[in-house]
Amino acid sequence: QVQLVVSGGGLVQAGGSLRLSCAASGRIFRNNDMGWYRQAPGKQRELVAAITRGRSTNYAESVKGRFTISRDNAKNTVYLQMRSLKPEDTAVYYCYGQINDYNYWGQGTQITVSS
């Protein structure tokens, strides 16, 4: 069984920074794409950022230049560094990993950006 455990999140003022981590554990044979989605109240879940095992990245237009995704393959961990946070970044953030040819999800973490 594979588990993804998220750490980080919380309350921050607009313009502030936060860092999320998501560590995968268990019987991992292949760890491919990893990334982050978010879901704001009343909205659909949207992709925030994704990173391949080779560290190619993809970002939502709304976070480009402010968020940075990275990963440590040895630790099966993906990170999301968020800067210049805006109130519209408020959402529950979820990490995912394509591990052993299956999509696993971590628990959501609430990020609230106050104006």
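What do you reckon, is LEU85 modelled with pLDDT of 95 or more, open to solvent by less than 60 Å² (accessible area, probe 1.4 Å) and in a loop (DSSP other than H, G, I, E, B)?
Spelling it out, LEU85 is indeed modelled with pLDDT of 95 or more, open to solvent by less than 60 Å² (accessible area, probe 1.4 Å) and in a loop (DSSP other than H, G, I, E, B).
Among the residues in segment 20-29, are any open to solvent by 10 Å² or more (accessible area, probe 1.4 Å), without any contact (Cβ under 8 Å) to a residue 24 or more places away in the chain, assigned to a loop (DSSP other than H, G, I, E, B) and under 12 Å from GLY97 (Cβ atoms)?
Checked segment 20-29: no residue is open to solvent by 10 Å² or more (accessible area, probe 1.4 Å), without any contact (Cβ under 8 Å) to a residue 24 or more places away in the chain, assigned to a loop (DSSP other than H, G, I, E, B) and under 12 Å from GLY97 (Cβ atoms).
Would you tally the residues in segment 31-45 being closer than 21 Å to THR112 by Cβ, in contact with a strand residue (DSSP E or B) (Cβ under 9 Å, 6 or more places away or on another chain) and either hydroxyl-bearing (Ser, Thr, Tyr) or open to solvent by 30 Å² or more (accessible area, probe 1.4 Å) (or both)?
Number satisfying all stated conditions: 5.
With the requirement that a residue be in contact (Cβ under 8 Å) with a residue 60 or more places away in the chain, in a strand (DSSP E or B), touching a strand residue (DSSP E or B) at 6+ places or on another chain (Cβ under 7 Å) and open to solvent by 50 Å² or more (accessible area, probe 1.4 Å), what does segment 95-111 give you?
Answer for segment 95-111, where residues must be in contact (Cβ under 8 Å) with a residue 60 or more places away in the chain, in a strand (DSSP E or B), touching a strand residue (DSSP E or B) at 6+ places or on another chain (Cβ under 7 Å) and open to solvent by 50 Å² or more (accessible area, probe 1.4 Å): GLN98, TRP105, GLN110.
Can you find a residue that is on the phi > 0 side of the Ramachandran plot, among the charged types (D, E, K, R) and open to solvent by 60 Å² or more (accessible area, probe 1.4 Å) anywhere in segment 46-65?
Yes, some residue in segment 46-65 is on the phi > 0 side of the Ramachandran plot, among the charged types (D, E, K, R) and open to solvent by 60 Å² or more (accessible area, probe 1.4 Å).
The values are calculated or read from the model by the stated rules, or taken from the named source; none is laboratory data. Note that the structure is a prediction, hence the values are computed from the model and not measured. Glycine also receives a Cβ, built like all others from the backbone with ideal geometry; neighbour counts cover every protein chain displayed. Note: areas computed on protein heavy atoms with side chains; ligands, DNA, RNA excluded. Shrake-Rupley method; radii C 1.70, N 1.55, O 1.52, S 1.80 Å.
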